[in-house]
Every structure is written in C-alpha cells, then in structure tokens.
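Here the structure is laid out as structure tokens; the discussion comes afterwards.
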Amino acid sequence: YNVLQLGIGFFLIFFAFNSASFIEETVIDSRAEKGQIKAKAGYISLSIIYGFFTFCNFLAAPVVLYLGARWSLVLGGITYAL
C-alpha cells in the first residue's frame with residue numbers, strides 16, 4: 001500500500017510539473033508576440049528550472065547519507081509542500 005501511495009504521489013507531482021512547463025511556454029510565447037518579453041524567455045526559464053533540478057540531484061546523495069532515508073523523505077516532503 002505504501003509503495004502504491006508513493007508511486008501515485010510522485011506521478012501526480014511530476015504530471016503537474018510537466019503540465020505547468022508546457023503551459024508556461026505557451027503563455028510566454030503569447031506575451032512575446034505582443035512584445036512584452038523576449039521570444040525565447042520560456043526556454044531560458046525552463047533551462048534554469050532543469051539546471052537547478054540537476055544540481056540538486058547531485059546534492060541528494062550526501063543528504064540521504066547524512067540524514068538517513070526516513071528524514072530525507074520528510075525533508076523532501078516539506079520542500080515539495082513549500
């Protein structure tokens with residue numbers, strides 16, 4: 001039951017993130033047509049998000065090693081909620 005619940009939770013989180021990413025690009029492109037922002041601002045924004053995500057993944061292993069699996073999950077849940 002716990003594994004199923006965790007799997008569904010991660011599915012929903014990543015589904016929401018990817019949906020927001022696709023919508024973000026469309027909204028930014030529509031604003032760029034009006035001349036309010038640069039045309040490639042959506043791609044720059046997504047590259048910053050994915051770069052930060054990659055950097056944090058490299059930091060995750062030492063955090064799990066230091067805190068342990070249980071407290072790392074608690075910390076991860078808190079940061080998702082924030």
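The values are calculated or read from the model by the stated rules, or taken from the named source; none is laboratory data. Here the structure is a predicted model, which is why all the values come from computation and not from measurement. No Cβ is skipped: glycine too gets one built from the backbone with ideal geometry, and neighbour counts run over all protein chains shown. The protein model used for the area step is the full one, side chains on, heavy atoms only, and it has no ligands, DNA or RNA in it. Shrake-Rupley method; radii C 1.70, N 1.55, O 1.52, S 1.80 Å.
Candidates in region 43-71 are the residues that are more than 17 Å from the chain's Cα centre (by Cα) and surrounded by 12 or more Cβ atoms within 10 Å (Cβ to Cβ); of these, the one that is farthest from residue 31 (Cα to Cα) is 67. For region 21-42, the set of residues classified as open to solvent by less than 100 Å² (accessible area, probe 1.4 Å) and polar (S, T, N, Q) consists of 21, 26, 30, listed by residue number.
Here are some residues: 80, 66. Which one is assigned to a helix (DSSP H, G or I), of a type outside the set (Gly, Ala, Ser) and modelled with pLDDT under 85?
80
Is there a residue in region 31-45 that is among the polar types (S, T, N, Q), without any contact (Cβ under 8 Å) to a residue 24 or more places away in the chain and outside any helix (DSSP H, G or I)? Within region 31-45, one or more residues are among the polar types (S, T, N, Q), without any contact (Cβ under 8 Å) to a residue 24 or more places away in the chain and outside any helix (DSSP H, G or I). For first residues located in region 1-25 and within 27 Å of residue 39 (Cβ to Cβ), partners that are among the hydroxyl-bearing types (Ser, Thr, Tyr) and lie 6+ apart or on another chain with Cβ distances below 7 Å form the pairs 24/45. For region 1-11, a residue qualifies if it is open to solvent by 100 Å² or more (accessible area, probe 1.4 Å) and in a helix (DSSP H, G or I), and the qualifying residues are 2, 3, 4, 5, 11.
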